[in-house]
Structures are given as C-alpha cells and as structure tokens.
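*Asks:* Handing you a structure now.
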Amino acid sequence: MSLAVPATDEVLEPEPDDRSAPDPQSPRRFRLLRAALRTAEGRVGAGLLLLVTAVACAGPTVARHTPEEFVARPFAPPSAALPFGADNLGRDVLARFLAGGRTLLLLAVCATVIGVAIGVTVGLLAGTSRTWRGDALVNLTDLVLVFPQIVLALLFLSLLGPQLWLLAILVGITHVPRVARVVRVYTADVVQRDFVASARALGVSRPRILFGEILPNVTAPILVEIGLGLAFSAALIGTLSFLGFGIQPPAADWGLMINENQTGLTVQPWGVLLPTIAIAVITVGANLLTDAIARASGTSTILGDQV
C-alpha cells in the first residue's frame, strides 16, 4: 500500500532576519549614517561630538558659579571649590568653560548650514548646465579663494564690527567653493542617468528635478562636506574669537578664554587647556565621523581626486 502525500501550494521559506536586512524604504542618508556608526572610527567620532555637545548645552546648568562671578584671586590654583582654578580676573575657569561652548557650536552649525546650502545650490545648477554658465557659476565662487579665509573674515569684521550673524555668514561663505565643486562633479554624473531623462521627458520642472531627483542621489558627498565644514567652522570661529572678533567680554567663549588666559599659561594653564582641548575634540570627532561616512559611501578616494 502506497502512502499518498497531500498536495500543497505552500512553500516553506526561512524567515528573513530583520536585524541584518536593510530597510529598502529607509532614506539613503540614514543608511549611510548607520553604516558609518557600525565602524569604530564612526562610533568614536560621534561619541566625541556628543560629549562636547552635552558639555556645551548642559554645562551651564551644573556649574557652581556664574561665568562673570569673581570668586578668587587672579590665576588662583585648583582647589576643592575651584577644580580648575581661576582665570585672569578671578572667575571660575570651569564655569566659564561650561558656559563658553554653546555659542561657538551654534555659530559653527549655522556657518556650516549656510555654506553647504549655497554650495549645494550652486553645484546643482552648474552640474546640470551644459553651457558656459555652469563654469561661470563655479568660477564666481572661486573669487572667495583669492583671499585667505581668515583674512577675508577679518576684513569685513573690522569694517562692520564683531557681529555674530556676520561671523556666521563670513565663515559659511568660505565653504561655498569647495562644496560647489564637489556637488557639481557628482551632479554631472547623476544627470546622465535614465531617471533624470525620464523626468525631463515628462515635463517635470527644473527645480523639482534638481531637488527631488538629483539631490537625494548626491547626499553622500554632502554629508562628508557637512562634517568637514563643521570641523573647519569651529576652528575658524575659535580663532576669530581669540583675535577679538567673535564674542566680546565679559561673555564666556572658548576662543576668548584662550586669549584672556594666555599670559598666565605657565602659572595656571587650565584656562587655556580646557577650551583648546574642547575645540580639538570637535575637530577630531567631526573628521573621524566624516571619514567613516566617506568610507561607507565609497566616496573617500573620489573626493580626494576631485576637490
């Protein structure tokens, strides 16, 4: 007697592992960030940036003294009441350090957003133009490179005064030429693909093609430029504040702290060391995270050849 096997239309398949399978609906930029954070350098870079951001944002709420309060003699050494001593006027170094990073980070972020926004727009327009106008747009931004960035910023700040909004704009403008050139190269490659030709054939408007079709496909180099811009902006704004063209006393600022306490570096170095270390941590963290994003997107070697 033979055994009959019942017919069935069901096919047993292994259940997909949702933990490792990427979400196809997830935007590419978020996939890049997740891939970058899986690497050691990406996690270290993000951790350093989060640490400095937490210090800048939450620091003033945990300080024992106000940044302008005189609590000891000038350049007093560290003690139980003052863990990092006093500055040149007898104010708490730790309190001024905790209160001095918020404005610098805010200005660095604003400058990066301004520079990347203008550079991306110029790069998209130049990359989709097949006439002399594309070269003219990029060459126009290169006028910024005629003057060194810090000299250009000092020129306008000397004429118009140390205004914070002007500082953010001037630092942001220094990013435009580099961002425009990088985005133009990638846009010129994307614009030749079939989906862009299809959008044009369907009569889609140029702004929608630029920002709806092309821009999402060049997010990898843009994320890299954002990281580089943040590191450069923080260093340049700190330098300008050190020279007296940023936040003015008696307000607390990391660059200003270095300037105020440099005369007592050999006596009480913490007023210089703390802000210097914080600015260095921002630069190192942004560079590590940027490099991880570039490696995850496969753009690290390409950027090196085209910038």
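The values are calculated or read from the model by the stated rules, or taken from the named source; none is laboratory data. Keep in mind it's a predicted model, so treat the numbers as computed, not measured. Here the Cβ positions follow ideal geometry from the backbone for every residue, glycine too, while neighbour counts run over all protein chains shown.
*Asks:* Just checking, how many residues over the range 13-49 are among the basic types (K, R) and at pLDDT 80 or above? Can you show your working first?
*Replies:* As a first pass, look at the range 13-49 and keep what is among the basic types (K, R): 19, 28-29, 31, 34, 38, 43.
Within this subset, residues satisfying the condition of being at pLDDT 80 or above are 34, 38, 43.
The number of residues fulfilling the criteria is 3.
*Asks:* Taking the residues in the range 51-93 that are in contact with a strand residue (DSSP E or B) (Cβ under 8 Å, 6 or more places away or on another chain) and small (G, A, S) as candidates, determine which candidate is farthest from I277 (Cα to Cα).
*Replies:* It comes out as A72.
*Asks:* Any residue at all in the range 225-236 that is of a type outside the set (G, A, S), closer than 20 Å to A168 by Cα and out of contact with any helix residue (DSSP H, G or I) (no Cβ under 6 Å at 6 or more places or on another chain)?
*Replies:* Yes; the residues of the range 225-236 include at least one that is of a type outside the set (G, A, S), closer than 20 Å to A168 by Cα and out of contact with any helix residue (DSSP H, G or I) (no Cβ under 6 Å at 6 or more places or on another chain).
*Asks:* A further question follows. Could you check the range 243-258 and list, in sequence order, the residues that are surrounded by fewer than 23 Cβ atoms within 10 Å (Cβ to Cβ) and at pLDDT below 90? First the steps, then the outcome.
*Replies:* Restricting attention to the range 243-258, the residues satisfying the condition of being surrounded by fewer than 23 Cβ atoms within 10 Å (Cβ to Cβ) are 243-244, 247-251, 258.
Passing the criteria: L243, G244, I247, Q248, P249, P250, A251.
*Asks:* Taking the residues in the range 58-77 that are touching a helix residue (DSSP H, G or I) at 6+ places or on another chain (Cβ under 7 Å) and in contact (Cβ under 8 Å) with a residue 40 or more places away in the chain as candidates, determine which candidate is nearest to T266 (Cα to Cα).
*Replies:* F75
*Asks:* For T39, state whether it is in contact with a Lys or Arg (Cβ under 8 Å, 6 or more places away or on another chain), touching a residue at least 40 places away in the same chain (Cβ under 8 Å) and either closer than 30 Å to D291 by Cβ or of a type in the set (G, A, S) (or both).
*Replies:* When the stated conditions are applied, T39 passes them.
*Asks:* Sort out which residues of the range 61-79 are of a type in the set (S, T, N, Q) and either surrounded by 15 or more Cβ atoms within 10 Å (Cβ to Cβ) or closer than 18 Å to A251 by Cα (or both), and write them in order of number.
*Replies:* Residues satisfying the conditions are T61, T66.
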